[in-house]
Each structure stands twice: as C-alpha cells, then as structure tokens.
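> The structure's right below; bear with me while I get my questions together.
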Amino acid sequence: MALSSPTMRSGRGAIARPAVGSVTLSIATALYLLFFTNHTFWAKIHTYLSAYPVAIFGLYIGMGAAFSAVLILFSVKYITKPIFAVLIIIAAVSSWFMDRFGAVIDSDMVRNAFETTQAEASNLMTPGFALHLVLFAGIPIALLAIVKIDHRPFFSKFLWNVASIIGCLAIVCAIAAANSKTFTTAVRQHKDIAKSLNPFTPISSAVRYISQADQEAQLTVSPTGQDAKVMPALGGITKPRITVIVAGETGRAANFSLNGYGRDTNPQLEKRDVVYFPSTVSCGTATAISIPCMFSKFTRSQYSHSKALSNENLLDVLVHAGVDARWWDNNTGSKNVADRVPYFDLTAAQDPKFCSNGECRDDIFLDRLDSWLDNVTKDSVIVLHQLGSHGPTYHLRYTDEFRKFTPDCQTAELPDCKDIEIVNAYDNTILYTDHFLASIIDKLKARSDKLATGMIYASDHGESLGENGIYLHGAPYILAPAEQTHVPFLVWFDPDFAKSMGLDAACLANEAKAGGRSHDDFFHSILSMMNVSTSVYDPSLDVFSACKRRPTA
C-alpha cells in the first residue's frame, strides 16, 4: 500500500508545518494507540499465547491493520483531528486504570464512573495520573495539532480510502485464517482478552451504558409487597423494634479475623456476641451493582439494573408494612434504593470534626445516631451506608488511633507502595470498621430498656490489594477474583429482639457456621428480622428461618 510522505510547507512569513497524507496519519495514529496504550492487552496476549510466537507476530500485524482500517474510516476533512484527539484521550485515560490497577472497563465500570462523587474521583486524580495524561495524550495531541493534513479531492480520496481499508482488511483476514484455531481458542478460554482492548472496549462499554441509561429513564416503578404487614412480636415484647442495617463498603472477608484472618482485625466485635456467616458472596463487585441488588427482591442470577429501577425494594416493602424506614449516606448515594424514603446525605453537612475534601469518616454516623435512637417511637429501620474501606486512599479511612498495622501506604498510587504497606493500610480500615460496628452495638445495648434492637452488616463487595496485579474492585463478575466477591456478613441482636422474632440464638450460631450465604439472603432476612409477612418473602433465602419458632408467612 503506498503511503504519502510527510513534507514541510509554509507560506510567506508563516512557520513551516509538516504536511502528511490523511491515510498516513490514520495509520500512524492507529499504531500509536495499539502499541503505546495497550500494554495490558499485549501482556495478556504474550501470557496466553506464549507457546505460539508466530501467531503473536501475526497478531501484531493483523491488529495494526485492523486499527488502521477503523481510523481510515474517520479520515474525513474537518473531523479527522477532533476524532483522533478524542480517541487518544480515551485511550490515555483508560490505559492508566487498566495498566496501573488491572481495571476492566465494561459498562458497569462506566456506570461507576458516571455515578461517582467529586470527592471519590479526586482521590484518583494523582500527580502520576496527570503526568501520564501529559505523556500519552498531551504530547500526541500537540503533534497532531501541528501537522497539516493533505486531503485528496473528494472522489479520489473516497477511492483511496476504500482501497486502503480493503487492503487492511485483506491482511486481517489472511492472518485470522492462518491462525483461526489459536485465536478462537484463546478468546474462548480467556474472555479478558477482548475486554482489555483499548480504546475500543471502553468506547463500546460507554455506548452500552448510555443506551441502557436512556432505556432506564423511561421505566416506571412497579409496586412490591403491598400486602406486607408486621406480625405481632413474640415473647411479650411490646417496645419498639429497631434494626440498624449497615451497608458496608469494600470490606473483604479475607481480612476479617472473624473469618479466620491471622491478624486481629475484629478485636471489638469478637467481644460483642455477633453471629458471623462465613463464605458469603456478593451480588456484584461495585457499589452501583451490589447496593441495589442487595435491597431488591431479585437473586444475583435474576438481577439487572433495569429490574432494580422498575421494582420497589426492601425499604418500600417495610414502609408498606408500617415500619419507619430511612437512609443515611456517607458514600456515593443510595443508587435509587432510597428514592421513596427519607434520605440524608451526611457528606453534605461538611462537619469539620469528621469531614474534609468532600468526604467524612464513618464516625459521623455515631455522632448523630444517639439523637435518632432517643426519638424512636415505633418499629423502625435505618440504613447506614458506610464509606468503609473504599480505596485507593485507604489511609484516609481511619484515625491515628487505629493505625495499628504499619508501615501503611499513605498514597493513592497503590502500585508505588509495597504489598505489605497496602495490606497494612487496608487492615487498619477493617480495624476502624470493627470499632464502628461495635460502637453501634453498644449504643443499641444502652437502650435495651426502651427498645428491642438488632443490627445486620454486609459489605457490598470486596477488594483486590495487588493479587495478580489487580487493585481496587469493579471487575466483571465472571472474571472477578474471590477477593472482590467474598464479603463479610454478620448480625447482632439484644435478647428481647431475638425473643420478639421467636429466634433460637444458639441454633442460629450453629446454622451460621455452615456458611454458603450470599446477598440473595439480604432482602428476606431483614423482612424476617422485622417480623414482616408478605407474599414476596422467601423463607429459603432467610438466614433465620431454620431457627425461628414462627417463620414469617
């Protein structure tokens, strides 16, 4: 294929600008994107196809031709530079998160990005990220701006572009045919290969998300559990019954000493007679998926974001039953779960005692919980949505009092820290959550003369701390490591609350040891805690049902 050579042109008094043919520029940009912003993709290829060096060499040529064909499609006068600049920016941003943190940018990850807060996003805007953008986007775009594109006359350009694209596709087909078995087997066995291709996977994921968001905007909410009612409390309990639901953030079970972790990260909970459920798995690997799934009537296999939006959730069912339900948030919002109940964003208070840079420590809940508990007069449920162990700035999630494990990583640039420093910082966040949960229990215990109280805690998802080069969370569920899906899950009640449920506490402690629970159980177990009878309740998904004298109808 003939390529036009760059030339230097200048008018009288003008600075000379290099001129380059549109097809030449398209191929140069394509090769830049392929070989400078696809480190993760090529690392996977060299790992998975290490036994086939000839196929890898062929893939280099075939992918180069494929990328070139796509970009030549956009080598049209007036739009070439803007489109190429956008592709370079997308590729530069995506490559940072893919190469640095092992992220997979699917539609769920795009949803997370759209739904994040300014404070959460600012934690990722590090000097290293800025330098990366300058090197991988700023400089290439500056070079793109400098060159002058030589465009052929329309008809000649059309024929030349078509011929160039056909030539590229011929190369792609020839290489694909010669290595079809190798490539097909690799893609089938390693689904993360296609998900790592930059910038086309992020772009297709964004398009998919926008399409879904447009469809979801047209949805209406269908009622759920309108027949719900609270059954009379057992054991002669007449005082208001209170359940505190703690929706955890980024807590992974592997680092809970209650789960068998070698470090003592739960010293306070160990003394609070909690019932812990080992081997609990999450519905998703990111807040935007797990939170609405946890509070929906759907199991993970049934769940979709559109289903969650178009159906009332647990809080609505509780309200139908006459229970007071509300949501307090110290995270990125309720993800539409609290759309129809009282909602309070604690970060908006910007209390300097607990908050800085748009984020608040979780003890802001403790500061306000006493007042709410002192004014409860009826059966009530309150959701506390933690900031918990959210990364990458783990060091901001705990106070010096809980900086037990040192040295701890003190930066958002996790790959710049040693593995032990990252784990230390993360373990300190778990130690802080342990204190937070134990403090809630103590506040509930202190009111046992006036209230029957219980608490249920489950984290929305886990976290990768550098295992296999992966950090943070949000991996596609089919590819997600256990560190992101195995979550802590525990409950606590005072004696009167257990009596009011007809619950045999000793039985529950034995039942819990079997494990094998999931977020699927959250909806039904909380209905059970509040003695709510409704047609949408499923006893097989209630962790208490086997130990209750009177199962919820």
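The values are calculated or read from the model by the stated rules, or taken from the named source; none is laboratory data. Computed from a prediction, not measured in an experiment: that's the story for all the values here. With ideal geometry, Cβ positions are generated from the backbone for all residues, glycine too; neighbour counts draw on all protein chains shown.
> For the stretch 249-264, which positions are surrounded by fewer than 24 Cβ atoms within 10 Å (Cβ to Cβ) and either touching a residue at least 24 places away in the same chain (Cβ under 8 Å) or under 25 Å from residue 376 (Cβ atoms) (or both)?
At the first step, the residues of the stretch 249-264 found to be surrounded by fewer than 24 Cβ atoms within 10 Å (Cβ to Cβ) are 254, 257-264.
Listed by number, the residues that qualify are 254, 258, 259, 263.
> Further question: Checking the structure you have, find out if any residue of the stretch 116-138 is of a type in the set (Asp, Glu) and over 30 Å from residue 284 (Cβ atoms). Show your work before the answer.
The initial filter retains those residues of the stretch 116-138 that are of a type in the set (Asp, Glu), namely 120.
Remaining after also requiring over 30 Å from residue 284 (Cβ atoms): none.
No, the stretch 116-138 contains no residue that is of a type in the set (Asp, Glu) and over 30 Å from residue 284 (Cβ atoms).
> Something else now. Scanning for something of a type in the set (A, V, I, L, M) and farther than 26 Å from residue 17 by Cβ, does the stretch 128-151 turn up at least one residue?
Going residue by residue through the stretch 128-151, those that are of a type in the set (A, V, I, L, M) are 130-131, 133-135, 137, 139, 141-147, 149.
Now drop any that are not farther than 26 Å from residue 17 by Cβ, which leaves 130-131.
Yes, the stretch 128-151 has at least one match.
> Answer yes or no: is there a residue in the stretch 340-362 that is hydroxyl-bearing (Ser, Thr, Tyr) and under 19 Å from the mean Cα position of the chain (by Cα).
So in the stretch 340-362, the residues hydroxyl-bearing (Ser, Thr, Tyr) come out as 343, 347, 356.
Keeping just the survivors that are under 19 Å from the mean Cα position of the chain (by Cα) gives none.
Within the stretch 340-362, none of the residues are hydroxyl-bearing (Ser, Thr, Tyr) and under 19 Å from the mean Cα position of the chain (by Cα).
Yes/no per residue for (1) in contact with a helix residue (DSSP H, G or I) (Cβ under 6 Å, 6 or more places away or on another chain); (2) under 20 Å from residue 457 (Cα atoms); (3) modelled with pLDDT under 95; (4) aliphatic (A, V, I, L, M):
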| position | (1), (2), (3), (4) |
| --- | --- |
| 316 | no, yes, no, no |
| 329 | no, yes, no, no |
| 343 | no, yes, no, no |
| 373 | no, yes, no, yes |
| 389 | yes, yes, no, no |
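> Right, next: Against the definition (in contact (Cβ under 8 Å) with a residue 60 or more places away in the chain, surrounded by 19 or more Cβ atoms within 10 Å (Cβ to Cβ), closer than 25 Å to residue 396 by Cα and of a type in the set (S, T, N, Q)), how does residue 290 come out, yes or no? So that I can check it myself, show each step before the final result.
Working: in contact (Cβ under 8 Å) with a residue 60 or more places away in the chain: yes; surrounded by 19 or more Cβ atoms within 10 Å (Cβ to Cβ): yes; closer than 25 Å to residue 396 by Cα: yes; of a type in the set (S, T, N, Q): yes.
It is true that residue 290 is in contact (Cβ under 8 Å) with a residue 60 or more places away in the chain, surrounded by 19 or more Cβ atoms within 10 Å (Cβ to Cβ), closer than 25 Å to residue 396 by Cα and of a type in the set (S, T, N, Q).
> Take residue 427 and decide whether it is over 28 Å from residue 527 (Cβ atoms), under 25 Å from the mean Cα position of the chain (by Cα), among the charged types (D, E, K, R) and crowded, with 22+ Cβ neighbours inside 10 Å. Break it down stepwise before answering.
Numbers: over 28 Å from residue 527 (Cβ atoms): yes; under 25 Å from the mean Cα position of the chain (by Cα): yes; among the charged types (D, E, K, R): yes; crowded, with 22+ Cβ neighbours inside 10 Å: yes.
Yes: the conditions hold for residue 427.
> Determine whether the stretch 266-275 contains at least one residue that is among the β-branched types (Val, Ile, Thr) and either farther than 20 Å from residue 434 by Cα or buried (at least 24 other Cβ atoms within 10 Å of the Cβ) (or both).
Keep residues of the stretch 266-275 that are among the β-branched types (Val, Ile, Thr), which gives 274-275.
Next, from what is left, pick out any that are either farther than 20 Å from residue 434 by Cα or buried (at least 24 other Cβ atoms within 10 Å of the Cβ) (or both): none.
Scanning the stretch 266-275 turns up no residue that is among the β-branched types (Val, Ile, Thr) and either farther than 20 Å from residue 434 by Cα or buried (at least 24 other Cβ atoms within 10 Å of the Cβ) (or both).
> Name the single residue, out of those in the stretch 183-238 being at pLDDT below 95 and among the acidic types (Asp, Glu), that is nearest to residue 306 (Cα to Cα).
It comes out as 216.
> Mind listing just one residue for me: the one in the stretch 125-153 that is touching a residue at least 60 places away in the same chain (Cβ under 8 Å), among the hydrophobic types (A, V, I, L, M, F, W, C) and in a helix (DSSP H, G or I) and, of those, farthest from residue 335 (Cα to Cα)?
146
> Also, I was wondering about something else. Residues to consider are 487, 532, 543; find the one that is assigned by TED's automatic domain parsing to the domain that holds residue 319, buried (at least 22 other Cβ atoms within 10 Å of the Cβ) and within 23 Å of residue 439 (Cα to Cα). Give the steps one after another, and end with the answer.
Values: 532 fails: within 23 Å of residue 439 (Cα to Cα); 543 fails: within 23 Å of residue 439 (Cα to Cα).
None of the other options fit; the residue is 487.
> So which of 211, 205, 156 ends up being among the hydroxyl-bearing types (Ser, Thr, Tyr), touching a residue at least 12 places away in the same chain (Cβ under 8 Å) and in a helix (DSSP H, G or I)?
On the way: 211 fails: touching a residue at least 12 places away in the same chain (Cβ under 8 Å); 156 fails: touching a residue at least 12 places away in the same chain (Cβ under 8 Å).
Among 211, 205, 156, only 205 is among the hydroxyl-bearing types (Ser, Thr, Tyr), touching a residue at least 12 places away in the same chain (Cβ under 8 Å) and in a helix (DSSP H, G or I).
> Another question, then. Keeping to the stretch 357-396, report how many residues are under 21 Å from residue 444 (Cβ atoms) and polar (S, T, N, Q).
Of the residues in the stretch 357-396, 5 are under 21 Å from residue 444 (Cβ atoms) and polar (S, T, N, Q).
> Right, another one. Could you run through the stretch 351-368 and say how many residues are touching a strand residue (DSSP E or B) at 6+ places or on another chain (Cβ under 8 Å) and not acidic (Asp, Glu)?
5
> Looking only at the stretch 1-42, which residues are at pLDDT below 95 and among the small types (Gly, Ala, Ser)?
2, 4, 5, 10, 11, 13, 14, 16, 19, 21, 22, listed by residue number.
> Since residue 169 meets every condition but one in (1) of a type in the set (A, V, I, L, M); (2) crowded, with 17+ Cβ neighbours inside 10 Å; (3) outside any loop (DSSP other than H, G, I, E, B), which condition does it not meet?
All conditions are met except number (2).
> Under the condition of being touching a residue at least 40 places away in the same chain (Cβ under 8 Å) and among the aliphatic types (A, V, I, L, M), which residue from the stretch 110-124 is farthest from residue 411 (Cα to Cα)?
Going residue by residue through the stretch 110-124, those that are touching a residue at least 40 places away in the same chain (Cβ under 8 Å) are 110-112, 114-120, 122-124.
Subsequent filtering for residues that are among the aliphatic types (A, V, I, L, M) retains 110, 119, 124.
Details: 110: 24, 119: 15, 124: 10 Å.
Applying the filter and picking the extreme gives 110.
> So residue 267 ticks every box in (1) in the same structural domain as residue 37 (by TED's automatic domain parsing); (2) in a loop (DSSP other than H, G, I, E, B) but one. Which box is left unticked?
The single condition residue 267 does not satisfy is (1).
> Moving on to the next point. Kindly establish whether residue 89 is over 24 Å from residue 333 (Cβ atoms), surrounded by fewer than 19 Cβ atoms within 10 Å (Cβ to Cβ) and not assigned by TED's automatic domain parsing to the domain that holds residue 470.
On the way: over 24 Å from residue 333 (Cβ atoms): yes; surrounded by fewer than 19 Cβ atoms within 10 Å (Cβ to Cβ): yes; not assigned by TED's automatic domain parsing to the domain that holds residue 470: yes.
Here the answer is yes, as residue 89 does meet what is asked.
> Yes or no: residue 224 closer than 30 Å to residue 503 by Cα and outside any helix (DSSP H, G or I)?
Working: closer than 30 Å to residue 503 by Cα: yes; outside any helix (DSSP H, G or I): yes.
Yes; evaluated as a whole, the condition is true for this residue.
> If we only count helices (runs of 4 or more DSSP H) wholly inside the stretch 448-553, which ones have 1 or more residues that are touching a Gly at 6+ places or on another chain (Cβ under 8 Å)? Walk me through how you get there before you give the answer.
Values: elements: 482-485, 495-501, 505-513, 522-529.
Result: 482-485, 495-501, 522-529.
> Restricted to the stretch 410-424, and to residues that are under 21 Å from the mean Cα position of the chain (by Cα) and in a helix (DSSP H, G or I), which residue is surrounded by the fewest Cβ atoms within 10 Å (Cβ to Cβ)? Step through it out loud before you land on a result.
Filtering the stretch 410-424 down to residues under 21 Å from the mean Cα position of the chain (by Cα) leaves 411-415, 422-423.
Checking which are in a helix (DSSP H, G or I) leaves us with 414-415, 422-423.
Details: 414: 23, 415: 15, 422: 21, 423: 19.
Only one residue tops the list, namely 415.
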